[in-house]
1. Per 5 Å bin from zero, what fraction in whole % of the C-alpha pairs of segment 6-66 is there, up to the bin with the longest pair?
2. Of all the accessible heavy-atom surface of the chain, with the other protein chains kept in place and a 1.4 Å probe, what percent is carbon and sulfur?
3. Roughly how many whole Å is it from the C-alpha centroid of segment 69-105 to that of segment 119-137?
4. Using Cα pairs under 8 angstrom and six or more residues apart, how large is the relative contact order of the chain, in percent?
5. Who wins for biggest fluctuation among T136, T93, T66 in a Gaussian network model of the chain, springs between alpha carbons below 10 Å?
6. I'd like to check one number: the per residue accessible area of the chain, probe 1.4 Å, reported in Å² as a whole number.
7. Sort the following peptides by mean Cβ neighbour count (other Cβ atoms within 10 Å, averaged over residues), highest first: 86-92, 57-63.
8. With charges only on Cβ, +1 for K and R and -1 for D and E, what is the dipole size of the chain about its Cα centre, in debye, rounded to 20?
Amino acid sequence: MSGLTETTTTRAAHLGLLARAPGPRLAQLLPDLPPFDWLRLPELGAVMLRGRMGAGGAPFNLGEMTVTRCALRLADGRVGQAFVQGRDKDHATRAAVADALLQGAEAARIAAEVLAPLRAEEAARRRERAEKAAATRVDFFTLVRGED
């Protein structure tokens, strides 16, 4: 990611984690929202997903995915935005509020109370998925012929 600052890449990682988090879980971790004004009300749309065969083939249109996006401004002027998969306006709103809060004095608290649990839960989900996949793994081996 040449040309991007550490703050930009960190914010992108936070936005990705908030977008991948289950909406109800984010609502549990961030139940009370501070006052804010809408810059862009939550709206539904679609994005085109593109793929490549073997990571090197010609790109092709895989299909569309529904997304919800919004942008808001807290009372102190910080701006938060979010894009989340699906049609969950509350999830997008909470992710945008968390994005705005992570840009101020509450950043350490939000990172500890919201991002850390979400990161740990995501890691656990990935481990569980990897363990399930490993359980179905088949190890092929070659028998040596003519061994005395």
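The values are calculated or read from the model by the stated rules, or taken from the named source; none is laboratory data. Keep in mind the model is a prediction, meaning the values are calculated, not measured. Note that we place each Cβ from the backbone using ideal geometry, even for glycine, and neighbour counts take in every protein chain shown. Surface accessibility is based on the protein's heavy atoms, side chains included, excluding ligands, DNA and RNA. Shrake-Rupley method; radii C 1.70, N 1.55, O 1.52, S 1.80 Å.
1. That works out to 4, 12, 10, 17, 23, 17, 8, 5, 3, 1, in percent per bin.
2. 54 percent
3. Cα centroid to Cα centroid, the span is 29 Å.
4. Over the chain, the number comes to 22 percent.
5. T136
6. For the chain, the solvent-accessible area averages 68 Å² per residue.
7. The densest-packed peptide leads the list: 86-92, 57-63.
8. In total the dipole reaches around 300 debye.
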